[in-house]
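Asker: Before we start, here is the structure in question, set down as structure tokens.
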Amino acid sequence: MSVLESPEKDSYLYVTLETVAETWKFTDWHEPDDDDFVYKKMSVKIGDSVGTFQDSQTEIELELGDAFTSFAVLPPLPKIEVTIVERTQAVGSDTADELVLFKGRVAKVIKNQHGKEGSVVLICLPMKALLDVPLGLLCTQQCVWNFGGKGCNFDVAAERQIGTLTEINTDRTVTIPGLAPVARANFWRQGYVTRNGLKIVIREWDPSVDTDRFLLRERPPAEWIGQEVELTPGCDKSLGNCRDWDNEERFAGLGIAMPDYHPNIEG
């Protein structure tokens with residue numbers, strides 16, 4: 001007889017939350033069989049398993065007060081992968097069945113949802129939600145490729161630099177001194193700063209004012225101060241910027257030669 005058919009059994013959850021740099025493991029069982037998992041009071045609502053691509057979100061409610069929840073309520077956040085496993089064990093036996101209930105990613109974090117103080121709710125979406133993207137190529141004057149990605153094929157890795165972030169200002173400007181000189185004034189613009197899997201876009205960089213100052217799209221975590229970060233250069237996807245990178249043969253702004261009139265009916 002399987003564990004699920006047993007008249008007396010206990011069921012509990014293993015929840016794993018993982019970023020590039022850290023992993024947190026929680027369970028709602030007071031005496032977990034796996035020592036890697038820590039007991040934590042929580043509530044889990046698994047979204048419906050549907051055969052379509054409609055949104056079906058899973059919610060994990062946790063109590064505030066530990067390292068993970070303190071980290072999760074301070075955006076911006078890196079990608080957080082989520083795995084929820086249900087373990088069912090027969091009473092008086094070491095035999096157990098494990099079933100993966102959910103695999104996905106944290107999409108949103110809500111603190112004190114519906115006025116419930118001292119709580120954090122993680123809104124999680126399944127991996128198939130990542131398929132909800134436009135198909136086809138846009139015919140505009142901007143290149144359709146991601147800088148350094150497939151189609152562009154520029155060797156971005158060779159241009160990256162490592163620096164120590166020394167200051168974060170209230171206007172989202174950060175100071176990263178000691179970087180090697182670069183050739184152009186738009187070198188870092190539209191690139192990004194990365195640490196532990198969290199990428200933040202560089203909105204502006206003006207070497208004529210200060211080569212050490214970078215205006216970011218979002219304010220980075222305070223923990224970044226005094227830590228090494230990786231800087232990746234950027235491209236605004238214009239033909240001019242593509243020429244700056246000596247990569248014009250890969251430019252894919254499909255609408256750049258499109259006339260501003262209908263050639264079949266207008267002259």
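What follows draws every value from the coordinates through simple rules; no lab data is involved. Keep in mind the model is a prediction, meaning the values are calculated, not measured. Backbone-built Cβ (ideal geometry, glycine too); neighbour counts: all protein chains shown.
Asker: Check the stretch 229-246 and report whether any residue there is surrounded by fewer than 17 Cβ atoms within 10 Å (Cβ to Cβ) and within 30 Å of Ser70 (Cα to Cα).
Answerer: yes
Asker: State all residues of the stretch 200-253 that are closer than 18 Å to Gly149 by Cβ and without any contact (Cβ under 8 Å) to a residue 12 or more places away in the chain; if no residue qualifies, say none.
Answerer: Selection gives Asp246, Glu248, Glu249.
Residue by residue, here is whether (1) surrounded by 16 or more Cβ atoms within 10 Å (Cβ to Cβ); (2) among the acidic types (Asp, Glu) holds:
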position	(1), (2)
Ser11	no, no
Thr23	no, no
Thr27	yes, no
Asp34	no, yes
Val44	yes, no
Gly51	no, no
Thr58	yes, no
Glu61	yes, yes
Asp66	no, yes
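Asker: Can you tell me which of Lys79, Lys40 is among the basic types (Lys, Arg), touching a residue at least 24 places away in the same chain (Cβ under 8 Å) and surrounded by fewer than 17 Cβ atoms within 10 Å (Cβ to Cβ)?
Answerer: Lys79
Asker: State all residues of the stretch 140-196 that are among the hydrophobic types (A, V, I, L, M, F, W, C) and touching a Lys or Arg at 6+ places or on another chain (Cβ under 6 Å); if no residue qualifies, say none.
Answerer: Correct list: Cys143, Cys152.
Asker: Going through the stretch 205-235 one residue at a time, which ones are over 21 Å from the mean Cα position of the chain (by Cα) and in a loop (DSSP other than H, G, I, E, B)?
Answerer: Trp205, Asp206, Pro207, Ser208, Val209, Asp210, Thr211, Asp212, Gly226, listed by residue number.
Asker: Tally time: how many residues in the stretch 108-142 are surrounded by 15 or more Cβ atoms within 10 Å (Cβ to Cβ) and either small (Gly, Ala, Ser) or under 30 Å from Ser238 (Cα atoms) (or both)?
Answerer: Matching residues across the stretch 108-142 total 3.
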